[in-house]
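The values are calculated or read from the model by the stated rules, or taken from the named source; none is laboratory data. Everything quoted here is computed from the prediction, not taken from an experiment. A quick note on method: Cβ atoms are made from the backbone with ideal geometry, for glycine too, and the neighbour counts reach across all protein chains shown.
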Amino acid sequence: MPSTDQTGDRDLLEHVLLPVANEDDALATAEALEPYRPARVTALHVVEKGGGVPDKTPVEQSEELAAESYAAVRSVFPDADEHTAYDRDVVSAIFEAADAVDASAIAYRSRGGNRLMQFLSGDLTVKLVTGSDRPVIALPHGPSDE
């Protein structure tokens, strides 16, 4: 029985946007999504821009990181699409990318961290889950992630 979004018009796993941070995260996230067999996957890498200050990493290095991340996703989902976003606000970039690729859902793995790290980062997970206009799927961590 297919899962549908809140409107009931669309299969939840019809087109999943998969935000990834780096090669290891991309592989772990894709492997966590794989058992759910989405029909289509678009991997998203957000290059964080500095907004008036120097970028965290040079653009070329960030684009190389994105390419490595996409390759890791394609090792699990060979037909995965890719989408690179450039933004200061990662969550906003995820929402904009979901609109741009017409994703049916956003799937992610929490990157964890202690409460202080979550506070300092603005707790991106809370923003992602509470601010989305489409379903957000929190993928489980496997035994090797603990």
For this session: Would you check if Pro140 is modelled with pLDDT of 80 or more, crowded, with 18+ Cβ neighbours inside 10 Å and on the phi < 0 side of the Ramachandran plot?
Result: no
Exercise. Out of all the residues in the stretch 24-46, is one or more among the small types (Gly, Ala, Ser), modelled with pLDDT of 95 or more and not in a helix (DSSP H, G or I)?
Worked result: yes
For this session: Consider only pairs whose beta carbons are under 7 Å apart and that are at least six residues apart or on different chains; among these, list those whose first residue lies in the stretch 56-71 and is hydroxyl-bearing (Ser, Thr, Tyr) and whose second residue is modelled with pLDDT under 90 and surrounded by 12 or more Cβ atoms within 10 Å (Cβ to Cβ).
Result: Ser62/Val47
Exercise. Within the stretch 16-34, is even one residue more than 17 Å from Ala72 (Cβ to Cβ) and either hydroxyl-bearing (Ser, Thr, Tyr) or in contact with a helix residue (DSSP H, G or I) (Cβ under 8 Å, 6 or more places away or on another chain) (or both)?
Worked result: no
Exercise. Does Tyr70 satisfy the criteria of being of a type in the set (Ser, Thr, Tyr), at pLDDT below 95 and either crowded, with 21+ Cβ neighbours inside 10 Å or more than 15 Å from Val136 (Cα to Cα) (or both)?
Worked result: no
Seminar exercise, completed: Here the qualifying pairs (Cβ atoms under 9 Å; residues six or more apart or on different chains; first in the stretch 23-36 and within 12 Å of Tyr108 (Cα to Cα) and in contact (Cβ under 8 Å) with a residue 40 or more places away in the chain; second in a helix (DSSP H, G or I) and charged (D, E, K, R)) come out as Ala26/Glu68; Ala28/Asp145; Ala30/Arg74; Ala32/Asp145
Exercise. Inside the stretch 78-95, can you point out the residues that are surrounded by fewer than 19 Cβ atoms within 10 Å (Cβ to Cβ) and in a loop (DSSP other than H, G, I, E, B)?
Worked result: Pro78, Asp79, Arg88, Asp89
